[in-house]
Every structure is written in C-alpha cells, then in structure tokens.
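Asker: Attaching a single structure in structure tokens format; questions to follow.
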Amino acid sequence: MKTNIKEQIYFAYNREMEYFAVIGGIFAENLDGRLCREIYGEDFILRIRKKHRELYEVLNTMLLGGLELLEFIMNYDPATLDIDGYRAYVEQLPQADFAYQLFGYRATMQEVEAALCDDEKLSELLDQGKCQVKSFVTLKRILNHRKEFLDLYFACLDDIRTPELEAYLDSYEKMIPMLQKDMEQSLNEHDLLEVTSRIVGKCLPIDWVYENNLFMPVCMLPRNAVTYYEKNQIVLYSMNRMVSRKKALDILKVVSDETRIQIVDLLSESGTANGKKIAKWARLAPSTVSHHMEQLVECGIVKEVKIGTSKEYSIDYENGENFLMELEGIILKNKEHKHSLL
C-alpha cells in the first residue's frame with residue numbers, strides 16, 4: 001500500500017521490508033535484536049547464526065548489519081517490492097551502479113568507478129568513511145562475487161519466515177491505518193523537516209530538500225530509523241524502537257534526582273524493601289519516599305508488589321537492561337566507524 005498524504009510526501013507499508021529488517025536484528029551485533037529474541041527465542045537465533053555462519057560474519061563487517069541491501073530501493077519502489085523481483089533487480093545492476101548504491105551514495109560515481117579499477121583508491125574510500133563496509137576483504141568479495149553474496153543473504157530469508165513471526169506481523173499490520181493517521185497529523189502540525197528530524201533522532205540541515213519523501217513503518221527494524229536518500233528520501237522507522245527510546249528518556253528524567261538514584265542504589269544492594277525500610281535508609285519522611293517511589297515505579301525502573309497493606313519494592317531488571325541497551329544504542333552505535341577513522 002502507498003498513499004500520497006501531502007504534496008511530495010507519501011506513506012507506505014510493505015511486509016516484505018520486515019524480512020530484511022529481521023536479518024539485521026538476528027545477525028548484526030551492533031543493532032538492537034531484542035524484538036527478534038522475543039519472537040524467536042535465543043535458541044532459534046543461535047541455531048540460525050550457526051547455520052548461516054558465513055553470512056553472520058559478513059554482515060558484522062557492515063555498519064548497518066546488512067540493511068545496506070536496501071540501498072537499492074532508491075530506484076525500486078519499496079511499496080511494491082517483492083523479494084524475488086528485488087533480488088533479480090540488484091543482481092543485474094551494472095557494477096558501478098551496484099557499488100555506488102552499496103556505498104550509500106557517500107562517494108561520487110567518479111570515485112567509485114576509479115576505485116573499482118584500483119585497490120588503493122578503494123582502500124582510500126574505506127578509510128575516508130565513504131563505504132558502509134568496514135572490512136576491505138569483505139568489500140572486495142561482495143563486489144567481485146555479488147551473486148554468491150546475494151545467495152547467502154536471500155537463502156536466509158526463507159529460514160526466518162516462521163509462524164511466530166508471521167503471527168506477530170499479522171497483529172502489527174492492524175495498526176498501520178492508525179500509524180498513517182498519526183503521520184498525517186504530525187505533518188499537519190509540523191513541517192516536513194521537523195517531523196523527519198524527530199524520527200531519525202538528529203537535526204537535519206535547513207537546506208535539506210528532496211523531490212519526494214516516503215515514510216515507511218517497519219515493525220522489525222532494529223534501529224529507530226534508517227534513511228536512504230539521493231534525489232528522493234525514504235525513511236524506514238520503527239514505532240517499537242521509538243517507544244523504547246521514550247521510555248529511556250523517562251527513566252533518565254526520573255533517576256537524574258540524587259535521592260531517587262540513592263534509592264535505586266539501595267534497592268539494588270538489598271533486593272527488596274518496603275517504604276518504611278527505604279525511609280529509614282534514606283533518612284526521609286514516609287510521604288517523601290512515597291512520592292519518589294511513585295515516580296520510580298511509573299517510569300519502570302522499579303516494580304512494586306502489594307503484600308497486605310504494605311508495598312514491597314525491587315529493581316525491574318528487565319526494564320533496566322532494556323534502558324542500558326537503549327543508551328548503548330544511542331551512544332555507541334557508531335563506535336566501530338569512529339575507531340576506523342582514528
């Protein structure tokens with residue numbers, strides 16, 4: 001489905017895009033695979049990584065963990081994408097076009113054409129951060145043995161289409177009309193630049209202009225958003241991840257208070273405690289403790305259990321781990337790229 005929601009702005013959804021996102025969530029160590037683990041379970045993920053060990057190692061030399069395979073949608077409408085047709089399209093691209101798009105349009109076509117004939121120039125593009133593959137050996141292999149690489153990638157797509165995934169996506173797709181309305185409302189209340197900046201999580205330059213803009217929710221996307229752009233821009237975004245980031249921000253706001261971080265520290269050491277015990281530890285009035293505990297529970301970092309007329313508090317470790325993973329994803333998502341430039 002694809003809808004024109006405003007001049008030069010479109011909204012679309014295509015389930016086929018979910019499978020590409022799943023590959024990234026399962027195989028890429030630098031992406032957020034929590035939803036994949038929730039749907040498939042750890043054992044399945046370990047088995048599929050072992051079965052497709054070669055692909056696993058290749059994708060972990062890529063900055064986007066294989067989402068680079070979607071760079072080619074710039075000249076292939078993602079709203080009508082089907083797996084077989086897309087693969088055939090990518091496979092028949094001229095070598096220079098294939099490399100230029102795989103690089104994410106970071107290098108010029110002239111630079112790409114020169115690099116294809118000269119390993120030293122190809123290495124320079126890698127060192128300059130103009131390529132999304134971190135390993136020179138892997139990059140050469142993909143460029144020289146494109147079909148073999150595509151065979152590895154697309155063979156895995158069949159294995160990840162399980163009944164569990166399909167059931168999850170069936171449920172998610174019921175939300176698509178609501179997501180479209182939300183996008184329409186956002187674009188009515190704010191300009192395109194502001195809406196896009198909020199989704200991708202960074203300020204975009206004021207001269208940021210594309211002929212057409214397509215917003216596409218992808219439930220399984222292991223990042224908040226990924227943008228593909230040249231003359232047009234395509235924004236893939238995950239509402240699941242955006243909600244996760246909001247939760248992280250809520251936790252940061254709550255634990256930025258010195259007293260509340262002290263209470264979290266005390267609970268982490270003791271395991272569980274009621275309000276009276278916390279008041280004694282922190283040397284606070286019970287009413288003050290109640291106020292702090294209400295906020296800690298509401299943001300999700302602490303959980304409460306009623307026992308009679310009392311409440312027992314403890315750390316919600318699952319939410320705590322998700323919070324730390326979210327921060328890691330924000331702060332360290334490009335650490336490999338940074339180190340490669342040092």
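Asker: As an exercise, use a Förster radius of 51 Å and the Cβ-Cβ distance of residue 182 and residue 306 to find the FRET efficiency, rounded to the nearest 0.05.
Answerer: 0.90
Asker: Beyond 27 Å, what percent of the Cα pairs of region 1-148 remain?
Answerer: Summing the P(r) tail past 27 Å for region 1-148 gives 30 percent.
Asker: In addition: Under 5 Å between amide hydrogens, which residues at least 5 positions from residue 300 or on another chain qualify, with H placed 1.01 Å from N in the peptide plane?
Answerer: none
Asker: What Kirkwood hydrodynamic radius do you get for region 169-234 when you take the inverse of the mean 1/r over all pairs of distinct Cα atoms, in Å?
Answerer: 13.1
Asker: Using Stokes-Einstein with the Kirkwood hydrodynamic radius over Cα pairs, what translational diffusion coefficient do you get for region 155-206 at 10 °C and a viscosity of 1.306 mPa s, in µm²/s rounded to a whole number?
Answerer: 116
Asker: Report, to one decimal in Å, the Kirkwood hydrodynamic radius for region 1-82 based on all distinct Cα pairs.
Answerer: Hydrodynamic radius (Kirkwood, Cα only) of region 1-82 equals 14.2 Å.
Asker: Separate question: What ³J(HN,Hα) values, in whole Hz, does the Karplus curve 6.51 cos²θ - 1.76 cosθ + 1.60 give for region 67-81 when θ = phi - 60°, with x put for Gly and Pro?
Answerer: Karplus values, whole Hz, x for Gly and Pro: 5, 4, 5, 8, 4, 7, 6, 4, 10, 8, 4, x, 5, 10, 4.
Asker: Also: Under the 0.36 nm per residue contour assumption, what length would be gained going from the current alpha-carbon distance of residue 265 and residue 282 to full extension? Present the calculation step by step, with values, prior to reporting the outcome.
Answerer: Working: separation 17, 0.36 × 17 = 6.12 nm, distance 1.07 nm.
Extra length from residue 265 to residue 282 when fully extended: 5.0 nm.
Asker: Then there's this: Compute the Kirkwood hydrodynamic radius of region 41-93, taking the inverse of the mean of 1/r over all pairs of distinct Cα atoms, and give it in Å to one decimal.
Answerer: 12.9
Asker: Next up: In whole Hz, what ³J(HN,Hα) sequence does region 254-260 give by Karplus (6.51, -1.76, 1.60; θ = phi - 60°), x for Gly and Pro?
Answerer: Values, residue by residue: 6, 7, 6, 7, 4, 5, 5 Hz.
Asker: Skip the ligands, DNA and RNA, and give the accessible area per residue of the chain with a 1.4 Å probe, whole Å².
Answerer: Per-residue value: 51 Å².
Asker: Separate question: With equal scatterers on the alpha carbons only and no solvent term, can you work out the Debye log10 of I(q)/I(0) for region 134-273 at 0.11, 0.12, 0.21 1/Å?
Answerer: Results for region 134-273 at q = 0.11, 0.12, 0.21 Å⁻¹ read -0.71, -0.81, -1.25.
Asker: Please give, to one decimal in nm, the separation of the simple spin-label points placed at residue 197 and residue 209, each 7 Å out from Cα toward the Cβ.
Answerer: Placing both labels 7 Å along Cα→Cβ, they lie 1.8 nm apart.
Asker: Can you pull the one-decimal nm distance between simple spin-label points at residue 144 and residue 6, each 7 Å off the Cα toward Cβ?
Answerer: 4.9
Asker: Grab the Cα-Cα distance for residue 128 and residue 158, subtract it from 0.36 nm times how many residues apart they are, and report the gain in nm with one decimal.
Answerer: 7.2 nm
Asker: In region 187-233, what trypsin sites (Lys or Arg not before Pro) fall in a loop by DSSP, with at most 13 other Cβ atoms inside 10 Å?
Answerer: On the way: sites: 198, 202, 223, 231; in loops: 202, 223, 231.
Listed in order of number, the matching sites are 202, 231.
Asker: Dimensions of the chain along principal axes (Cα, Å, largest first)?
Answerer: 73, 44, 43
Asker: Further question: Length gain on complete extension for the stretch residue 96 to residue 80, per 0.36 nm per residue less the alpha carbon to alpha carbon distance?
Answerer: Going from the current span to full extension adds 3.3 nm.
Asker: Report the equivalent ellipsoid semi-axes for region 260-324 in whole Å, largest first, defined as the square roots of five times the eigenvalues of the gyration tensor built from alpha carbon atoms.
Answerer: 18, 13, 11
The values are calculated or read from the model by the stated rules, or taken from the named source; none is laboratory data. Computed from a predicted model, the values in this text were never measured in an experiment. For neighbour counting, all protein chains shown are included, and Cβ atoms are generated from backbone atoms with ideal geometry for every residue, glycine included. Keep in mind that these areas ignore ligands, DNA and RNA; they rest on the heavy atoms of the full protein, side chains included. Shrake-Rupley method; radii C 1.70, N 1.55, O 1.52, S 1.80 Å.
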